[in-house]
1. Return yes or no: is SER131 assigned to a loop (DSSP other than H, G, I, E, B) and surrounded by fewer than 21 Cβ atoms within 10 Å (Cβ to Cβ)?
2. I'm trying to understand the selection: among the residues of region 180-218, which are open to solvent by less than 20 Å² (accessible area, probe 1.4 Å), assigned to a loop (DSSP other than H, G, I, E, B) and either among the small types (Gly, Ala, Ser) or free of Cβ contacts under 8 Å to residues at least 12 places away in the same chain (or both)?
3. Can you pull out every residue in region 112-127 that is in contact with a helix residue (DSSP H, G or I) (Cβ under 6 Å, 6 or more places away or on another chain) and part of a helix (DSSP H, G or I)?
4. Is one or more of the residues making up region 185-197 in contact with a Gly (Cβ under 8 Å, 6 or more places away or on another chain) and under 30 Å from ASN418 (Cα atoms)?
5. Could you please find all residues in region 269-298 being open to solvent by 40 Å² or more (accessible area, probe 1.4 Å), within 30 Å of ASN233 (Cα to Cα) and among the β-branched types (Val, Ile, Thr)?
6. Restricting attention to region 144-163, which residues are under 16 Å from THR188 (Cβ atoms) and either of a type in the set (Gly, Ala, Ser) or touching a Ser or Thr at 6+ places or on another chain (Cβ under 9 Å) (or both)?
7. Can you name the residue in region 52-66 that is of a type in the set (S, T, N, Q) and surrounded by 17 or more Cβ atoms within 10 Å (Cβ to Cβ) and, of all such residues, is nearest to the chain's Cα centre (by Cα)?
Amino acid sequence: MRKIFFPFLSILLLGGAAEAQKITWSEDIACIVYTHCTRCHNNTNSIAAIPFTNYDEAWTHRLAIKYYVENKLMPPYQPGTENRHYIYEKNLSQKEIDLITAWVNQGAIKGDTTLAPPPPPILPLISKIASPDFSQRIPVYTIPNIMDFQYHCFVLPGTYNVDKKISQIEILPSNLSAIYNVFLYSDTSSIPITLDAADPGNGYENYSGIGSPTAKLLYGWVNGNPLYQTPPNISLTLEAKSHLVIRILFAEDAANKKDSTMVNLKFNNSTSSRTAAIASFLTHTNNLKNPPFIIPADSIITFYEQTTLTSDITLLGVSHWAHKLCTKMNCYAVTPANDTLPLLQIDDHEHLWSQGFYYFDKLIKIPAGTKLYGEAEYDNTGFNNNNPFSPPHNIMAGMTDTSEQMIFSFSYLPYLANDENILADTVIHQTHYLNCSPAHNTTGIQKYTGTEIDWKLFPNPSTGVLYSTTADDKKYMLKIFNALGEVLYSEESKTGMIIPLTDYPKGIYLVALIPMVPDNGDHALLKKIIKE
């Protein structure tokens, strides 16, 4: 999802009938927001569109907060965690979602400010590796003024003549307001050096990976990720004479900003440490069950991959790769005993928030004879707002942003007894800021009981006009907002309305229907529309 949080909506939002308990900012919501949101949503070196550093900011955007939290769009974390857990998960718990929803429905009450934790300080990223064995910072890079996403690669000097065992990885961007994610690769070929030399500037542009078929993804960073620590007595392999390359996804509005990202590594010199390998067991080139890998225009199609493992292995993590047409990805294993092991499920694929490898919180044994399965859905219609073509074109496999891929890579070891009992992380839910905790639970919170507005908005997506209909005679204001929070349209709603969209740029908008004389718990409604 792009940096679109609709930072506005100072809309009167009324709750339902009296609640059994009142949820307040001070006692409940500040703890959640300061823990999960403020690191990205602040006025200091931030990628997020709006700040959430105090009550007033959260109150102003309460309706948008509720919308994004209820729909699990924020915090941005792609894998589902119902059946599998990973290190550094960023999801809100269902309790936290319910508390935020109840807080907004009840009127977003401030409460006793003496009970609120102090706002967290917004500090620059600093290294947590005391004495890194490898530490390189890219030369200061000025992001070009092209007003679009930029995938830029930088080769880091420091090739080693022997294999190295990596036990810690730390990625430290200097300008958090300009960067969505950073991937760290190793590669034994000379391709990155050649690509870098062919580009007159600092580094080189490359949409898919780092442009080399032999590249291996080690780790991915998004804001909030701490340093990566391998499980006990296990290391990642940095092969002899390989190059380290970082690939940075710069934001679409980062033009003329500067960044100098740093990478720190700690090596494990123990002779007993085991080294993990990385391999793409499932790819569209080798394992496709329903070829050819072609996505026809105006179609939604699902592809399937399958392979069988011939030896016992231990899985540390899995990564995925697809481009703009992909909407869903799923990877799982079926053992010879017919046990299904979920590995990675992404129901809303979006490259912006990917963190590359998702390392499991507990290592997984995969016995010989197990079948690995990959599934991915691609939407090559005009309804897919990420489609690079309008009208849609036939899409083939390739490395550019107008092509597609379907790859699942795995970090693994030869299996040893009791590997499945090794914990990589014991913290399932992000530790709360200052160890705070919401004062209330969700028991006794009365759900919204007001009458829902019978409101229809169509067609969606729309190319020229939007029709709005309501089935009662109450008075409402209808407002349309763009991604910057600007009101593009405001008019008292009628039973039937025709709203021209001809002059609106292609993109996503929010439409709000707000009761002018609220009663009986009626509340504002919000719908997302797409203009093609």
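The values are calculated or read from the model by the stated rules, or taken from the named source; none is laboratory data. The model shown is predicted, which means the values in this text are computed figures rather than measured ones. Please note: Cβ atoms are built from the backbone with ideal geometry, for glycine as well, and neighbour counts cover all protein chains shown. Accessible surface is based on the protein model in full, side chains and every heavy atom, while ligands, DNA and RNA are left aside. Shrake-Rupley method; radii C 1.70, N 1.55, O 1.52, S 1.80 Å.
1. Numbers: assigned to a loop (DSSP other than H, G, I, E, B): yes; surrounded by fewer than 21 Cβ atoms within 10 Å (Cβ to Cβ): yes.
So SER131 fits the description; yes.
2. Correct list: GLY203, SER208, GLY209, SER212.
3. Quick first cut of region 112-127, residues in contact with a helix residue (DSSP H, G or I) (Cβ under 6 Å, 6 or more places away or on another chain) only: 112-113, 115-117, 120.
Correct list: THR113, LEU115.
4. Start the filter on region 185-197 by keeping residues that are in contact with a Gly (Cβ under 8 Å, 6 or more places away or on another chain), which leaves 185, 191-192, 195-196.
Within this subset, residues satisfying the condition of being under 30 Å from ASN418 (Cα atoms) are 185.
Yes.
5. THR271, THR275
6. GLY158, THR159, TYR160, ASP163, listed by residue number.
7. THR53
Conditions (1) open to solvent by 20 Å² or more (accessible area, probe 1.4 Å); (2) part of a helix (DSSP H, G or I); (3) of a type in the set (A, V, I, L, M), marked per residue:
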site: THR35; (1), (2), (3): no, yes, no
site: ASN42; (1), (2), (3): no, no, no
site: ASN45; (1), (2), (3): yes, no, no
site: ILE50; (1), (2), (3): no, no, yes
site: TYR68; (1), (2), (3): no, yes, no
site: PRO76; (1), (2), (3): yes, no, no
site: TYR88; (1), (2), (3): yes, no, no
site: LEU92; (1), (2), (3): yes, no, yes
site: ASP98; (1), (2), (3): yes, yes, no
